[in-house]
């Protein structure tokens with residue numbers, strides 16, 4: 001197991017999911033979903049029309065996203081903390097999820113779409129599938145990377161999201177499914193040298209940033225046990241590996257955490273170019289034996305208008321409902337500048 005390779009990749013992901021640009025992207029994608037949802041409510045027939053009660057949660061999310069982004073643009077990351085009135089981005093993602101849960105999938109609708117196992121939709125249509133794909137594009141799948149850990153019960157300790165070493169390759173494979181924001185680079189930059197700042201479980205986190213767990217058998221900078229912690233949150237505990245899961249009980253151990261990188265982005269009010277999170281640079285491949293996996297194939301499920309089609313298949317865009325058709329690789333993706341949806345983004349249907 002190559003802990004350094006894992007460390008570089010996880011560090012890159014934590015920086016990505018704590019960036020303004022990625023969260024702004026999902027806020028914009030959610031607006032696209034809401035427009036399509038409103039159109040479905042207004043024009044689709046019974047049996048195909050999605051439930052109306054969900055839209056109230058969607059409007060709450062649309063109110064919260066701008067507030068959270070405005071705070072993040074100033075370098076204020078408190079909106080990822082739990083149990084706070086100003087937890088705007090955390091609550092926005094939660095309300096967005098509730099606003100979209102009326103759109104499931106053909107398989108879920110077949111067996112458990114509505115109450116008591118009754119399908120929510122009479123027939124799963126192509127328009128419903130397109131709405132589902134819009135939901136996928138608007139879902140921040142790894143938002144928990146930056147959330148403050150929250151205990152299951154009031155008298156329990158908060159547990160770190162990544163409380164141990166040795167991340168499995170399946171973890172990184174799952175992050176590669178994030179087609180809308182871009183895949184991992186083939187080679188992630190080295191992490192900075194750790195600082196001397198330490199915090200113990202139960203203490204307040206003094207700095208926003210990426211922290212590593214301190215292990216007695218590891219020198220600083222050797223572990224892949226990294227977490228993003230928000231200033232002011234309670235430093236979490238870790239699960240006790242000597243105990244199996246028992247319902248209703250917690251077995252937790254205190255931990256020491258070392259600051260690796262302090263997140264000072266946006267404190268000057270400047271949002272730098274972060275487009276590399278959408279199209280990360282593909283560099284010389286690391287040795288396969290160091291990765292323990294085959295070379296990464298970049299994602300190609302999303303393409304902007306005017307760009308060459310990255311992969312042959314059936315593509316569609318919410319900018320024009322009847323635009324679904326087959327494209328060959330290299331063909332220029334059309335633009336619909338007069339669309340009310342804004343920029344024309346094409347999505348490839350799963351085979």
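Structure above, values below:
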quantity	calculated
Residue 66 vs. criteria surrounded by fewer than 22 Cβ atoms within 10 Å (Cβ to Cβ) and under 30 Å from residue 206 (Cα atoms)	yes
Scan of region 253-273 for residues that are at pLDDT below 95 and part of a strand (DSSP E or B), ordered by number	253
Matching residues, region 306-323, being more than 24 Å from the chain's Cα centre (by Cα) and modelled with pLDDT of 80 or more	306, 307, 308, 309, 312, 313, 314
Helices (runs of 4 or more DSSP H) contained entirely in region 1-82, each with at least 1 residues that are more than 23 Å from residue 228 (Cβ to Cβ) and assigned by TED's automatic domain parsing to the domain that holds residue 93	20-43, 55-72
First in region 308-325 and in the same structural domain as residue 346 (by TED's automatic domain parsing) and touching a residue at least 60 places away in the same chain (Cβ under 8 Å), second anywhere and surrounded by fewer than 14 Cβ atoms within 10 Å (Cβ to Cβ) and not in a loop (DSSP other than H, G, I, E, B), Cβ under 7 Å, 6 or more apart	324/314
Verdict on residue 219 being more than 24 Å from residue 276 (Cα to Cα), within 22 Å of the chain's Cα centre (by Cα) and assigned by TED's automatic domain parsing to the domain that holds residue 261	no
Flag for residue 214 being in contact with a helix residue (DSSP H, G or I) (Cβ under 7 Å, 6 or more places away or on another chain), farther than 22 Å from residue 346 by Cα, crowded, with 16+ Cβ neighbours inside 10 Å and at pLDDT 90 or above	no
Residue list for region 325-351, restricted to those being under 21 Å from residue 125 (Cβ atoms) and at pLDDT 80 or above	325, 326, 346
Condition check for residue 283: within 30 Å of residue 220 (Cα to Cα), touching a helix residue (DSSP H, G or I) at 6+ places or on another chain (Cβ under 9 Å) and at pLDDT below 80	no
Condition met for residue 102 (over 16 Å from residue 228 (Cα atoms), loosely packed, with under 14 Cβ neighbours inside 10 Å, over 17 Å from the mean Cα position of the chain (by Cα) and touching a residue at least 12 places away in the same chain (Cβ under 8 Å))	no
Failed item in (1) buried (at least 21 other Cβ atoms within 10 Å of the Cβ); (2) more than 27 Å from residue 194 (Cβ to Cβ), with residue 23 passing the rest	(2)
From 150, 162, residue being under 30 Å from residue 204 (Cβ atoms), touching a helix residue (DSSP H, G or I) at 6+ places or on another chain (Cβ under 9 Å), at pLDDT below 90 and outside the structural domain of residue 76 (by TED's automatic domain parsing)	162
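The values are calculated or read from the model by the stated rules, or taken from the named source; none is laboratory data. Because the structure is a prediction, the values reported are computed rather than measured. Methodologically, a virtual Cβ is constructed for each residue, glycine included, from the backbone with ideal geometry; neighbour enumeration extends over all protein chains shown.
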